[in-house]
Amino acid sequence: DLFWESWLFLFRFCHLQGYQDSPLFTHFSLYHHENATPEAVAAEVNAQVERALAAGIDVTHIDSHMGTVTNSKFVQSYLQAAVTRMFPNMLPRASAIGYQSMGATEEQFAQFAPLLHQLELIGVPMVDGIFAMPLYDEKDHISVAKKILSEIPAGITHFILHPAIDTPEMRAISSDWPSRVANYNAFMSAELKKFIGQEDIKLIGYRQIRDVMRGAAKPS
């Protein structure tokens, strides 16, 4: 469960040591931090962002899937790729609840703290909590969601779910499809929608955060 299939390496002509296991693909292990150099990661992160922008995608934020760059060697390039283009990133403030879900240890997160504090000082909107719906148990996701949502802190929460419709394809490609379908059914329910309204939770996306961030940067 710790491994991912190979991902296409966008910075095709980069041959910096240790990042590729073939001319086109990155190392398949999420935890092979020791195999990559900071220079290679910085090149790849920026290449991915530029590829998306060149394709005309309205980029809202720069994500770190499964906490891939939550490593002291790489986090600086991830932050720079976002901040220099005025995009929010998915790194929480130092006091955030649930940062462990990003895959960072307490020691690693402590190393990020000065960088995160600096982002706050320059006015970058920061995440106050990171919470996720489970993928290991498909039972009663409405109740599970209510419990999690009742515990989120004031401020911005990055809430992760993996909703999917039950199809033959989904069953074939994902062993945890029952939980993904349960995610979908829970968040499509009128019951959960009512609960969210009662809890005074405001649903936003990274587009709104990006626009606030850019608006605050404009000269008055």
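Tabulated data
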{"read-out": "Charge context of residue 150, other residues only, Cβ under 13 angstrom, K/R +1, D/E -1", "value": "-1"}
{"read-out": "Length added when fully stretched, residue 160-residue 85, from 0.36 nm per residue minus Cα-Cα", "value": "24.6 nm"}
{"read-out": "Kirkwood Rh and Cα Rg combined as Rg over Rh, evaluated for region 63-151", "value": "1.02"}
{"read-out": "D (Stokes-Einstein, µm²/s), Kirkwood Cα radius, region 47-115, 1.002 mPa s at 20 °C", "value": "168"}
{"read-out": "Extreme residue, positive dipole direction of region 116-220, given options 212, 196, 133 (C-beta unit charges)", "value": "212"}
{"read-out": "Low-density loop positions, trypsin sites (Lys or Arg not before Pro), region 109-198 - DSSP coil, at most 11 other Cβ in 10 Å", "value": "139"}
{"read-out": "Inter-probe distance in nm under a simple model that places probes 7 Å from Cα toward Cβ, at residue 171 and residue 113", "value": "5.0"}
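Laboratory data are not the source of any read-out in this text; all were calculated from the coordinates shown. Keep in mind it's a predicted model, so treat the numbers as computed, not measured. Reconstructed Cβ throughout: ideal geometry from the backbone, glycine too, with neighbour counts over all protein chains shown.
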